[in-house]
Amino acid sequence: MTAPYRLVTDLARCDGISAKAVWRPGGGELGAAREGDRPDLAPGALVLEALAQCAGLMLGRDEADGAVWMLSGVDGARFGPVRWGEDVALGCVLVRRSGPAAVVDVGATVAAGPACEARLLMVRRELERLPDPEGHRT
């Protein structure tokens, strides 16, 4: 996929109300370190980010103005193990949308079972209003 949706490897289905995608974590995503107690496992925050990107693709499906949907809040997140290199099936379903905000239920699974479940708050932002990497407002 294209920036800013770098973690979604394949978008299998996207109809504006729900989406299914795949993420294949390789270990180099966003500078993720293989450190800590379990270096063989991908951090749960990356799984959540992949789900947010899937939701962003679903929400922005019919928009051609260059805006992006960004993660703004997380509720009820539960995580299971994800090993580097295994396929992660991503799914999202729109719960409610009002103006530049949306609530989306998301879930990720791997061969061994559930990897993440959560409810996300997504907000729509114009690209020209995003801060640059050094934190300066553009």
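The values are calculated or read from the model by the stated rules, or taken from the named source; none is laboratory data. Every value quoted in this text rests on a predicted model; they were computed, and no experiment measured them. All Cβ positions, glycine included, derive from the backbone under ideal geometry; neighbour counts span all protein chains shown.
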Point to revise | Residue match in the stretch 69-78 (condition: at pLDDT 95 or above, exposed (fewer than 14 other Cβ atoms within 10 Å of the Cβ) and among the acidic types (Asp, Glu)) | key: yes
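Would you check which residues across the stretch 1-12 are part of a strand (DSSP E or B) and either modelled with pLDDT under 90 or closer than 20 Å to residue 68 by Cβ (or both) and list them?
Residues of the stretch 1-12 part of a strand (DSSP E or B): 10-12.
Matches in the stretch 1-12: 10, 11.
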**Study point:** Search result, residues across the stretch 44-58 that are out of contact with any Cys (no Cβ under 8 Å at 6 or more places or on another chain), of a type in the set (A, V, I, L, M), farther than 17 Å from residue 101 by Cα and in contact (Cβ under 8 Å) with a residue 12 or more places away in the chain
**Key:** 46, 50
Point to revise | Subset of the stretch 20-52 that is at pLDDT 75 or above and among the acidic types (Asp, Glu) - its residue that is surrounded by the most Cβ atoms within 10 Å (Cβ to Cβ) | key: 49
Practice item. Please go through the stretch 8-17 and pick out each residue that is surrounded by fewer than 16 Cβ atoms within 10 Å (Cβ to Cβ) and closer than 14 Å to residue 104 by Cβ. Key: 15, 16, 17
Study note, to complete from the structure: Counting only residues in the stretch 80-104 that are at pLDDT below 95 and of a type in the set (A, V, I, L, M, F, W, C), the one surrounded by the most Cβ atoms within 10 Å (Cβ to Cβ) is identified as 82
Revision key, fill the gap. Considering only strands (runs of 3 or more DSSP E) wholly within the stretch 56-125, the ones with at least 2 residues that are touching a Pro at 6+ places or on another chain (Cβ under 7 Å) are 113-125
